[in-house]
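The values are calculated or read from the model by the stated rules, or taken from the named source; none is laboratory data. The structure presented is a predicted model; accordingly, all values stated were derived computationally and were not measured. Here the Cβ is made from the backbone with ideal geometry for all residues, glycine too, and neighbour counts use every protein chain on show.
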Amino acid sequence: MKKTTFLKRLSFIFLALSLSCFTFISATDYCHSSITSNRGATAYVTMKSLGDGLYQFIFESENDIVSWNAGGSNFYAEVDGIGGYQVSDHLTQDDAKTLSVTINSNPKPNIYVGTFYVNYADGEHAFNIPTDEDFDAVCATLDNIPPSMVSASVVGTPTFNSVNLQLSATDDVTSPVTQFIINDSGNGITNRIVAADGTGNAVVSGLSASTTYNFVIKAKDGAGNISANSQTVSFTTAASSNTQCSGTDNQTDPAYQSLSNGYTYNFTTSGSDVTITFELLDAKTGLVAYLWDKTSGFTETQMTNTTGQIFTTTLTGLTANSDITVAVKFAYAGGLSVTKDFVYTVGNTCGNTSTSNNHVSNPKLSVYPNPVKDYLKIACDEEINQVSVKNLLGQTVKSFVLNSFEKTIDLKDISTGNYLIFIKMSNGQSISQKFVKL
């Protein structure tokens with residue numbers, strides 16, 4: 001017996017049992033309707049008729065979707081009147097938060113079992129997909145007309161890692177339009193969704209310092225339609241006042257949840273010990289922090305909560321002038337975030353001789369162009385002693401010893417990606433900056 005024939009017969013048996021054992025619930029319209037997982041995460045389901053025998057199921061999550069358990073999910077529908085169609089096997093990922101499938105069926109499809117497993121950064125979540133749907137009736141008033149972008153502009157002056165935008169779009173149903181999609185191929189930004197408030201104000205964070213961005217922005221309405229037209233804004237972020245020793249940032253590991261306000265960091269050397277302190281600036285419940293030491297291998301250590309959302313730990317027995325590579329994992333109710341990797345040179349005071357003041361003024365430094373294809377130029381009003389280029393794993397790919405105020409670095413032989421350049425001055429101060437190699 002062919003496998004497909006067996007599955008069809010099995011599906012008919014299952015359907016017959018269902019008809020004899022259960023009372024059907026009246027059909028319900030589902031158009032961006034909220035459902036909740038067994039762990040409290042929220043998602044939205046849309047079931048709609050596209051006409052000509054085509055029907056669409058859309059799963060929109062509030063969190064980034066890492067993967068979904070297609071084979072393990074018990075998520076079935078009748079298609080062409082036959083059961084056994086595992087919807088989760090046919091889903092495709094439209095963006096970081098959205099899955100969908102278009103089904104050709106006559107009569108209309110019917111979901112009869114709907115447990116769906118989705119993996120987020122904090123692990124697996126189980127959603128019960130509604131089984132009382134009516135694809136013909138669903139979204140009868142759904143907006144199938146895409147919005148139109150009207151304007152986009154930069155508000156104020158960009159910081160070293162964020163920009164404030166004023167965005168405007170029109171739509172025949174959704175008002176105001178508050179979701180926008182940003183692309184910037186030169187800086188590796190693909191279909192990044194940002195949310196604006198009711199007045200169109202949106203903050204885009206996690207940017208790199210001293211970098212020129214060219215955002216191509218489209219609008220997305222409440223039904224998921226995306227504007228055909230776009231608006232473009234260009235701007236350059238400010239130079240970072242951060243040092244190896246201390247600063248504020250909001251860059252996170254993209255495999256985990258992002259942060260709006262970010263965190264502060266501080267590295268202080270005492271003898272052969274380095275004390276590392278981080279403060280999370282986003283308010284979170286049930287917050288704990290762990291240091292990820294990536295210097296040689298990987299070690300995770302829980303940090304001590306000193307007060308509020310400030311956490312600290314000390315690494316001991318380190319060698320002077322050696323580099324350590326660390327990140328911090330913040331775990332909290334509903335998820336976790338991991339900072340970018342930090343590389344710190346043991347003994348570096350960043351030109352600060354007072355242990356009570358962790359903030360120092362930086363010399364005027366230019367690192368350009370950024371992004372760079374072949375040659376990176378650096379110039380400073382302080383004499384430069386040493387320059388090193390490291391990847392985000394902390395591995396040195398270029399290093400120079402010089403006593404001059406400028407340097408041109410040939411980068412044609414290194415791979416594309418994100419890098420950090422570390423510059424040590426003759427006055428003992430060190431500055432680091434991120435750049436993108438094209």
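Things worth noting here:
- Test for Asn261: is it surrounded by fewer than 19 Cβ atoms within 10 Å (Cβ to Cβ) and assigned by the TED database to the domain that holds Thr339: yes
- Criterion violated by Thr319 - all others in (1) among the β-branched types (Val, Ile, Thr); (2) under 30 Å from Val173 (Cβ atoms); (3) in a loop (DSSP other than H, G, I, E, B) satisfied: (2)
- Picking from residues in the range 206-232 that are surrounded by fewer than 19 Cβ atoms within 10 Å (Cβ to Cβ) and of a type in the set (Val, Ile, Thr), the one that is nearest to Ala96 (Cα to Cα) is Ile226.
- Among the residues of the range 47-93, those that are among the polar types (S, T, N, Q), in a strand (DSSP E or B) and modelled with pLDDT of 85 or more comprise Gln56, Ser61, Ser67, Gln86, Thr92, Gln93.
- Taking the range 155-172 as the range and being in contact with a Gly (Cβ under 7 Å, 6 or more places away or on another chain) and assigned to a loop (DSSP other than H, G, I, E, B) as the test, only Asn161 passes.
- Output for the range 369-386, where each listed residue is part of a strand (DSSP E or B), under 14 Å from Phe435 (Cα atoms) and more than 26 Å from the chain's Cα centre (by Cα): Tyr375, Leu376, Lys377, Ile378
- Pairs where the first residue, in the range 268-291, is in the same structural domain as Tyr332 (by the TED database) and within 16 Å of Ala327 (Cα to Cα) and the second is at pLDDT 90 or above and acidic (Asp, Glu), C-beta under 6 Å, 6+ apart: Tyr290/Glu300
- Filter pass, Ile193 being surrounded by fewer than 20 Cβ atoms within 10 Å (Cβ to Cβ), over 30 Å from Asn321 (Cβ atoms), touching a Pro at 6+ places or on another chain (Cβ under 9 Å) and among the hydrophobic types (A, V, I, L, M, F, W, C): no
- Applying the criterion of at least 2 residues that are buried (at least 16 other Cβ atoms within 10 Å of the Cβ) and of a type outside the set (D, E, K, R) to the strands (runs of 3 or more DSSP E) found wholly in the range 396-438 leaves 417-425, 430-437.
- Index of the failed condition, Ser246 passing every other in (1) closer than 23 Å to Gln429 by Cα; (2) modelled with pLDDT under 85: (2)
- Residue within the range 31-40 that is modelled with pLDDT of 85 or more and buried (at least 17 other Cβ atoms within 10 Å of the Cβ) present: yes
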